[in-house]
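Notes to accompany the following structure.
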Amino acid sequence: MSEELLRQQIEYYRARAAEYDEWFLRQGRYDRGPTANEHWFAEFDQVRAALDGFGPSGRVLELACGTGLWTERLLAHASRIVAVGAAPEALALNRTRLKADSRVEYIMADLFTWQPDPPERFDAVFFAFWLSHVPGERFSAFWQLVSRCLHPGGRVFFIDSRREPTSTARDHELPEREDQPTLTRKLNDGRSFEVYKAFYEPAKLAHQLNGLGWDIQVQVTDRYFLWGQGQRANAGQ
C-alpha cells in the first residue's frame, strides 16, 4: 500500500472533519430515507448498548478518536482517556464537543507511526471505524501496538462498518469486487480522495485475530455495523 494513499487518507479526514457528523446523523448526502435511517439508528443503539455492556472503565486509549462521537460515550465509563488522532481539525471538534473535559488528553499523531511516549499501558483500548482503514500489510503491526498499550488482562473494543451501499453517501459507490479495498470518497464541495477501506466478515476477522494471539468475539448488526471485544488469549496467564 503506497505511502501516497495513506497520506491522502489523512488529508481526506482533515478536510472532512467539519462535515463528518453528517454521516452519523444521516444528513445531506447520507440521508437514505426514513426506513433506512430508522434501521441505522436502531443498529447504532445496539452497538452502543454493547459498548456500555463492555464497560470501558479505568484508563482508556481511544485510537482515531475523530470528532468525539465515541469519546463522549467512553466518558460515561472511563476515569481517563487518551484520545489519539491524525487530523487536528477533528481533534478541535472533539475537544469542543466534550467541553475540554480535563479527563481527556489529546495527542495528534499518525497511528501508523505513533508509539506512547513515555510507554503507558491502559485498561482498555477502543477504536471506531478505524480498523477498516488499516492496510493488510500493517494489520499485524497495528495489533502489536494495541497489545503493547494494554495492561496484562486489558481489553479491547472496536466498531466498524459492514459492506452496505446505504451506509455511505448517495454519490459514493462500492467497488464491484469485494476484495478491492481502495475507495473514492467525495466531500460536499465535490473534491475526491482515495482511501483504503476493507470490509470484514466476522468469522474470518475473529480467526485472523486468533492467529495473532487474541481472543476476540466479533458480532454484526443486521446491515450496518460490526463490533468486536476481547483480550489477549494469554491475558490470564
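Throughout, read-outs are computed from the coordinates displayed, never taken from laboratory work. Note that the structure is a prediction, hence the values are computed from the model and not measured. Methodologically, a virtual Cβ is constructed for each residue, glycine included, from the backbone with ideal geometry; neighbour enumeration extends over all protein chains shown.
Below, the figures for the structure above:
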{"read-out": "Answer from Phe142, Phe157 - the residue that is assigned to a strand (DSSP E or B), of a type in the set (Phe, Trp, Tyr) and more than 21 Å from Leu187 (Cβ to Cβ)", "value": "Phe157"}
{"read-out": "Members of region 221-237 that are surrounded by fewer than 18 Cβ atoms within 10 Å (Cβ to Cβ) and farther than 20 Å from Arg121 by Cβ", "value": "Asp222, Arg223"}
{"read-out": "Among (1) in contact (Cβ under 8 Å) with a residue 24 or more places away in the chain; (2) under 25 Å from Ala36 (Cα atoms), the one test that Val218 misses", "value": "(1)"}
{"read-out": "Those strands (runs of 3 or more DSSP E) lying entirely in region 186-237 with at least 1 residues more than 28 Å from Phe41 (Cα to Cα) and of a type outside the set (Asp, Glu)", "value": "214-220, 225-232"}
{"read-out": "Residue satisfying all of: in region 119-169; over 16 Å from the mean Cα position of the chain (by Cα) and of a type in the set (A, V, I, L, M); surrounded by the fewest Cβ atoms within 10 Å (Cβ to Cβ) among these", "value": "Ala141"}
{"read-out": "Residue list for region 146-170, restricted to those being within 21 Å of Leu183 (Cα to Cα) and in contact (Cβ under 8 Å) with a residue 24 or more places away in the chain", "value": "Ile159, Asp160, Ser161, Arg162, Arg163, Glu164, Thr166, Ser167, Thr168, Ala169, Arg170"}
{"read-out": "Scan of region 198-228 for residues that are in contact with a Gly (Cβ under 9 Å, 6 or more places away or on another chain) and not aromatic (Phe, Trp, Tyr), ordered by number", "value": "Ala198, Pro202, Leu205, Ala206, Leu209, Asp215, Ile216, Gln217, Val218, Gln219"}
{"read-out": "Number of the condition not met by Gln229 [criteria: (1) in contact (Cβ under 8 Å) with a residue 40 or more places away in the chain; (2) under 19 Å from Gly66 (Cα atoms)]", "value": "(2)"}
{"read-out": "Contacts under 6 angstrom Cβ, first residue in region 92-110 being of a type in the set (Val, Ile, Thr), partner not in a loop (DSSP other than H, G, I, E, B), 6 or more apart", "value": "Val104/Ile81; Val104/Ala83; Ile107/Val84"}
